[in-house]
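Undergrad: I'd like to ask some things about the structure below.
The values are calculated or read from the model by the stated rules, or taken from the named source; none is laboratory data. All figures in this text were calculated on a predicted structure; none of them were measured in a lab. Cβ: placed from backbone, ideal geometry, glycine included. Neighbour counts: every protein chain shown. Heads up: the accessible areas ignore ligands, DNA and RNA and are worked out on the full protein's heavy atoms, side chains in. Shrake-Rupley method; radii C 1.70, N 1.55, O 1.52, S 1.80 Å.
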Amino acid sequence: MINQQNLLEVITQNKRLLPEVISKVENTKDKGLSFRLKTHESIKNELMKHAHVLLFPSEEQNYGGLVTYRNGNFYIHINTSQPRVYENFMWAHEYYHYMYEQEEIKNSTTQTFFDDSVLNENERKANLFAAELLINSHVLKESYESIKELYPEDDYRLNVIRLIPIFEVPYKSLVIKMTQDGVINETEGLNAIDYDYRNQLPSDIDHSLFNPTLAIKLNEINRMLQQQRINPMLRETDLESLETVYTKHMKRLVELQQEKW
């Protein structure tokens, strides 16, 4: 978890990785997948077209999603029990793994099971890519200045929260990006990163952004689990997590069907 103790270290690492990551952001934009806003929707649609996407809620609190490969197919799981802003971020995060680490994933040299790692370089690149793609620097600065003019008496952290509906990304992603870009200074960033924003939401903000979608899309999971038995590629704990959630939801679907009749 990124907090006051490691924020500046994360930003230092981001700045070191930025030239490499920005080239991939620009490559993605050149494909027409980036817009001033709602980029996560175009990324989601792109992954749905080219990979086998699984959607279901996971009980693992720090698990966002994964990319795995077996027998010629890429599989992507997104945990839909996260708040919607986190799910949006994970679409871009997993797109980075899928698009730019395919050979490593095929050869099992890269683990893409996202478990909130902070300074793991592969995960940091994916997080930095997602932030740079989803948070347009010009729009960020322009929007923040406009919000400050509208709410000049409010704590600056409330005005950071008001940016969430504009970009539909997590609060901490905005704090990191704003500190990294100099939109707020390091002291402000440090004082904002651990702010209890969920209990300080302004009344004019859309609270549904912080609810999970709980979407379920399981039509590809049988094929993936069958291939896992033939050619194991997931960590055992990852496989157990997927199978447990799948079994639970299949049982519930049967129960609902019985209740219907």
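Undergrad: Ranked highest first by average number of other Cβ atoms within 10 Å, how do 66-77, 43-54, 137-148 line up?
TA: Taking the mean over residues of other Cβ atoms within 10 Å, the ranking is 66-77, 43-54, 137-148.
Undergrad: Spelling out what I want: for every residue of segment 96-107, take phi, set θ = phi - 60°, compute 6.51 cos²θ - 1.76 cosθ + 1.60 (Karplus), and round to whole Hz; glycine and proline get x.
TA: Each residue's phi maps through the Karplus curve to give 4, 4, 5, 7, 10, 10, 4, 5, 5, 5, 4, 8 Hz.
Undergrad: Going out from 0 in 10 Å bins, what whole percent of all Cα-Cα distances in segment 10-51 drops into each bin?
TA: Pairs per bin, as whole percents: 26, 41, 29, 4.
Undergrad: With charges only on Cβ, +1 for K and R and -1 for D and E, what is the dipole size of segment 92-214 about its Cα centre, in debye, rounded to 20?
TA: 120
Undergrad: So what are the ³J(HN,Hα) numbers for segment 77-85, from phi and the Karplus equation (6.51, -1.76, 1.60; θ = phi - 60°), rounded to whole Hz, Gly and Pro as x?
TA: With coefficients 6.51, -1.76 and 1.60, one gets 10, 10, 6, 8, 8, 6, x, 4, 5 Hz.
Undergrad: Now, a different point. For 162, 198, 157, give me the order by solvent-accessible area with a 1.4 Å probe, most accessible first, ignoring ligands, DNA and RNA.
TA: Final ranking, largest accessible area leading: 198, 157, 162.
Undergrad: Calculate what fraction, in whole %, of the accessible area of segment 77-216 sits on carbon and sulfur atoms when a 1.4 Å probe is rolled over the protein chains.
TA: Its accessible area is 44 percent carbon and sulfur atoms.
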